[in-house]
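First up is the structure itself, then whatever we jot down about it.
Values in this text are rule-based calculations from the coordinates and carry no lab data. Keep in mind that this is a model prediction, so the values were computed, not measured. All Cβ positions, even for glycine, are placed from backbone atoms using ideal geometry, and neighbour counts span all protein chains on display.
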Amino acid sequence: MRYIPLFVFVALTLASVALAVWFPLWGGLGAGVFGVIAAIGLHDRLQTRRAVLRNYPISARLRFLFEHFRPEIRQYFLESDHDETPYSREQRALVYRRAKGIEGLRPFGTLRNVNEIGHEWINHSMAPTHLDSHDFRVTIGGPDCAQPYAASPLNISGMSYGALSPNAIESLNWGAKLGGFAHTTGEGSISRFHRKHGGDLIWQVGSGYFGCRTPQGAFDPAKFAETAADPQVRMIEIKLSQGAKPGHGGILPGAKVTEAIAEARGVAVGEDCVSPPGHAEFSTPEGLCAFIARLRDLARGKPIGIKLCVGHPWEFFAMAKAFEATGITPDFITIDGAEGGTGAAPAEFADHKGAPIREGLMLAHNTLVGIGLRDRVKLIASGKLVSAFDLCRMFALGADGCNMARGFMFAVGCIQAQVCHSGKCPTGVTTQDPGRYKALVIENKYKRVANFHRNTMIALKEAVESSGLRSPQDFTPHHLMIRVSSREVRSAASQYLWLEPGALRRSEVTHPAFAKYWDHARPDSFGFAA
């Protein structure tokens, strides 16, 4: 039974050969087709590397074929509009429509079950406001910042050149220039493609110190100061960890390090680019504060922030205690959720490492409120955000701004084929193969990036107005409603515990995470203090 397909094709080959005597054209064509398939089957039967092919010649290849196209088959033929793996068809369609400037209205009401547990919504007002513009701005820069930045509340999250193609980087940055928002470089530093169109940049400095490193890989203050002086660089973000693989580090093999990548990262062509799990310039929370102050001085007062996915609560508490002890605070903190993942990551990290954005953001917000420093530090939320409602939810939970990565990837043409790490991206977004990325036409895609941002901001403006507010930052936990059972609905203000300003300074700790870990955090160590 296992070899029936092979026997069938052998028989068809022989029959076609016989038929070719009377009908040379059709018989010969059939003999050729069936002969090739039969030859593949015989090869499968005789090879010794794959047991399934030996046992099921030919038919096993159908399994491999279906497995190869499994993501496409699932997302286009099997999933409902709301199945999220990781983004639903409805979410992707929303981005595509807004990027193309197509009306985003939906007929016949919601497709969601509003009575299911976990359903969320934003309360509206009987006294809506009217705002003249959707161009909201949030000023980032604490008291030690000499060059604050008036940022859009929605910007592009960090995606490095090397992970993304040159055409994708150009499209994103040109779109940011047209739309008046910022483009985070990713830890691969600033490439020639980031500079070509002049869009505002948030320069991300990771543990590899790419773009500001010595030949040995150490931090180079002179190179940092030179790059930070570029007017296109508006803020600098120290990357501590990312949602895709927090605490993991990474390596870009030398075989993938092209001339342009080497130029951007400050390494030799063909040399491995190693991002260690941790930074060499500091090893304690107080050391991090000193590094923040040093970079701010070298950057002549431009905003300096940190990016992390929250892990051990006591480590974030230790940083907060260091902010308080040294008087040095970052101008912004980007909280990345474990839902993040434009980069490839081990499955265990993608699925089970790091705090989701909701928990991470609320922990950071509560900590800064509790020590009385919330007004000095802006919080930026990042992690699986697509719609204006996603942004409203983050603002309600404490964010001052939001970053988005995969939404902008969809805007430049990503179809969620989930082969980002293979170099075989079918739309040219995540590949360095010129034959693939040349299909991504920059002159068309940059407009879609700007369209998506503009239309999302218009939707955000309408959400702000309908809730009777003046700014996205006016959303509070009282506006976000959550169904917790079939009979009970709570606001986020009552569903979660929130600290009062200065509560940690007064030792008024009721939040379980703080009660358990706050006293075990020290400003001079990331370790758990007994």
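Miscellaneous remarks
- With R₀ set to 35 Å, the beta-carbon distance separating V419 from R195 gives a calculated FRET efficiency near 0.75.
- If you take all other residues with their beta carbon under 12 Å from the beta carbon of K307, and give Lys and Arg +1 and Asp and Glu -1, the sum is -2.
- Förster-model FRET efficiency, 45 Å R0, A146 and L65, C-beta, rounded to 0.05: 0.15
- Across the range 138-520, the convex hull enclosing all Cα atoms gives 136 Å³ per residue.
- Footprinting exposure proxy for T129, T367, T431, T48 (fewest neighbouring C-beta atoms within 10 Å first): T48, T129, T431, T367
- In terms of packing, defined here as the mean over residues of other Cβ atoms within 10 angstrom, the peptides 493-506, 160-173 line up highest first as 160-173, 493-506.
- Largest-first principal axis extents of the Cα set of the range 432-477 (Å): 50, 20, 10
- Additional length obtainable on full extension of the chain from T326 to M126, 0.36 nm per residue less Cα span: 67.3 nm
- R0 of 51 Å, Cβ-Cβ distance E103-D433: FRET efficiency to nearest 0.05: 0.90
- Rounded Å value of the spacing that divides the Cα centres of the range 418-467 and the range 156-205: 12 Å
- Pairwise label distance in nanometres, D297 with F389, each label 7 Å out on the Cα-Cβ vector: 5.0 nm
- Net charge in the neighbourhood of V377 (other residues with Cβ under 10 Å of its Cβ; Lys, Arg +1, Asp, Glu -1) is 0.
- Sorted peptide list for 190-202, 116-128, 417-429, criterion being average Cβ within 10 angstrom, highest first: 190-202, 417-429, 116-128
- Cα-only Debye scattering, the range 122-236: base-10 log of I(q)/I(0) at q = 0.11, 0.18, 0.19 Å⁻¹: -0.43, -0.94, -1.02
- Hits among aspartates and glutamates - C-alpha to C-alpha of K353 under 18 Å, sequence gap 8 or more where chains match: E315, D336, E339
- Amide H partners (placed H, <5 Å) of G250, local residues excluded: S275
- Applying a threshold of 20 Å to the alpha-carbon distances of K302/K378; K196/K438; K321/K516; K196/K447; K196/K445; K256/K445 flags K256/K445 as lying beyond it.
- Given their separation in residues at 0.36 nm each and the Cα-Cα distance between them, D474 and S283 gain 65.1 nm when the chain is fully extended.
- Listed peptides 383-389, 435-441 by packing density, highest first (mean Cβ within 10 Å): 383-389, 435-441
- Distance in nm between pseudo-label sites at L497 and L111 (7 Å out along the Cβ direction from Cα): 4.0 nm
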